[in-house]
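Read through the structure below, which is laid out as structure tokens, and then see the notes.
The values are calculated or read from the model by the stated rules, or taken from the named source; none is laboratory data. Only a predicted model underlies this, so the values are computations on that prediction, with no experimental measurement involved. Here Cβ is always computed from backbone atoms with ideal geometry, including for glycine, and neighbour counts include all displayed protein chains.
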Amino acid sequence: MRIGIDASRATTAQRTGTEAYSLAIIRALIDLDSPHDWRLYFRDKPPSDLLAPTHPYTHTLLRPRRLWTHVGLSRELLRRPPDRLFIPAHVLPLYHPSPSVVTVHDLGYLHFPQAHPLRQRLYLDGSTRFSARYATALIADSEATRRDLIEHYRAPSEKITVVYPGFDAALKPVRHPAPRTAVAEKYGLPKKFLLHVGTVQPRKNLERLIEACDPADIALVFAGRRGWLADSIYEKGKAKGALFLDYVADDDLAVLYSMATAYVAPSLYEGFGFTVLEAMACGTPVICSDGGSLPEVAGDAALIVPARDTQAMAEAIRRVIDDDELRRTMIMQGFRNAGRFSWQRTAEQTLKVIENAK
């Protein structure tokens, strides 16, 4: 078959979860030993090293940039329809003559609408509702997302397949002092700190994390771009001495995880939770909330606390800081848990869904 893929998110320079998923699943699908031809649709010219030429594929650069999905991609699908269409990130084009598969990542805007600007919330709701109704098949990246699709959009259960994403298998603990010293100096890191990686926005529940952290014992470090409605987070964090690093390059991320005393993911809701696995793969104990899919992802390898319980979060932080034996146990459990996830497995399961979409 000729399988078309919306690759518009894959060229984003500073990738967060959805963009990282798009690039990783495209790479993993192309790397599979399959008889299919791949046609990738880009909005921006891809760098020459974006994809390794390990399997034949063609790519098409589409215009216009505005309304790219519903005008540019729809027009291309009308001219040259593929046998199957795969959309890695929510937005199914209005015109899609081929059997289509859409990955739905996150319906947190339904649970916490106040944490999203109105325009963003309406866009997410409209595009996901359209995909849930008109896509041939849906991939949910967690059981939590699958339940939300059924409950809120009445998507038939037989239409939805849960396929867990993978994570960057190159992430390993960094113990050598040279890179740790270089990263510490580059970002001005304290000697002992709790880490959070991700866009700074209300849905991440970072104000409760700030309240739960005692700056006399340990510092807070936030690595991620400034998101919407974030002013109060920065104000409260800086008042407690928190360090905001903005976006951290991939080359520094493993070192940053490895140096942290613990990784904390307090989100009100997550569709998956890549950073939990990344931290575990780097040998860092994880504390996470029960928001959305996080308990699915963390398994028994993390301390899981109610997302709205600041006191429980503070107690979990204290346990990890004070109990060396607990830390060692969590690190070993984290390595085992991270081993459950791989992009090759994700690609194999995704391809099966695409092949069966009719």
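Computed values, structure above
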quantity	calculated
Qualifying residue in region 172-194 (condition: under 19 Å from residue 320 (Cα atoms), touching a strand residue (DSSP E or B) at 6+ places or on another chain (Cβ under 6 Å) and hydrophobic (A, V, I, L, M, F, W, C))	yes
Residue that is farthest from residue 29 (Cα to Cα) [pool: residues in region 40-64 that are touching a strand residue (DSSP E or B) at 6+ places or on another chain (Cβ under 8 Å) and among the β-branched types (Val, Ile, Thr)]	60
Some residue of region 245-254 being surrounded by fewer than 23 Cβ atoms within 10 Å (Cβ to Cβ) and in contact with a Pro (Cβ under 6 Å, 6 or more places away or on another chain)	no
Tally, over region 187-201, of residues that are in a helix (DSSP H, G or I) and either outside the structural domain of residue 237 (by TED's automatic domain parsing) or free of Cβ contacts under 8 Å to residues at least 12 places away in the same chain (or both)	0
Number of the condition not met by residue 169 [criteria: (1) hydrophobic (A, V, I, L, M, F, W, C); (2) surrounded by fewer than 16 Cβ atoms within 10 Å (Cβ to Cβ); (3) farther than 30 Å from residue 340 by Cα; (4) in contact (Cβ under 8 Å) with a residue 60 or more places away in the chain]	(3)
Looking only at region 272-308, and only at residues there that are of a type outside the set (Ser, Thr, Tyr), part of a loop (DSSP other than H, G, I, E, B) and in contact with a strand residue (DSSP E or B) (Cβ under 8 Å, 6 or more places away or on another chain), the one that is nearest to residue 334 (Cα to Cα)	301
Scope region 82-99; condition touching a residue at least 60 places away in the same chain (Cβ under 8 Å) and under 12 Å from residue 4 (Cα atoms); matching residues	82, 83, 84, 85, 86, 87, 88, 98, 99
Region 286-342: number of residues that are within 22 Å of residue 213 (Cβ to Cβ), out of contact with any Pro (no Cβ under 7 Å at 6 or more places or on another chain) and hydroxyl-bearing (Ser, Thr, Tyr)	1
Answer residue from region 255-293, given it is closer than 14 Å to residue 341 by Cα and of a type in the set (A, V, I, L, M) and is surrounded by the most Cβ atoms within 10 Å (Cβ to Cβ) among those	279
Any pair with Cβ under 6 angstrom, 6 or more apart, that starts in region 202-229 at a residue that is in contact (Cβ under 8 Å) with a residue 60 or more places away in the chain and ends at one that is surrounded by fewer than 20 Cβ atoms within 10 Å (Cβ to Cβ) and basic (Lys, Arg)	218/192
Those residues of region 36-46 which are farther than 16 Å from residue 85 by Cα and either among the β-branched types (Val, Ile, Thr) or over 22 Å from the mean Cα position of the chain (by Cα) (or both), in sequence order	45
Hits in region 190-213 (condition: of a type in the set (D, E, K, R) and touching a Leu at 6+ places or on another chain (Cβ under 7 Å))	203
Region 100-143, subset in contact (Cβ under 8 Å) with a residue 60 or more places away in the chain and more than 20 Å from residue 22 (Cβ to Cβ), residue nearest to the chain's Cα centre (by Cα)	143
Selection count where residues are more than 12 Å from residue 193 (Cβ to Cβ) and either touching a Phe, Trp or Tyr at 6+ places or on another chain (Cβ under 6 Å) or not assigned by TED's automatic domain parsing to the domain that holds residue 184 (or both), scope region 233-250	1
Check on residue 189, under 24 Å from the mean Cα position of the chain (by Cα) and not basic (Lys, Arg)	no
Cross-chain or 6+ apart pairs with Cβ under 8 Å, region 1-29 first and closer than 19 Å to residue 92 by Cβ, then surrounded by fewer than 19 Cβ atoms within 10 Å (Cβ to Cβ) and of a type in the set (Gly, Ala, Ser)	4/98
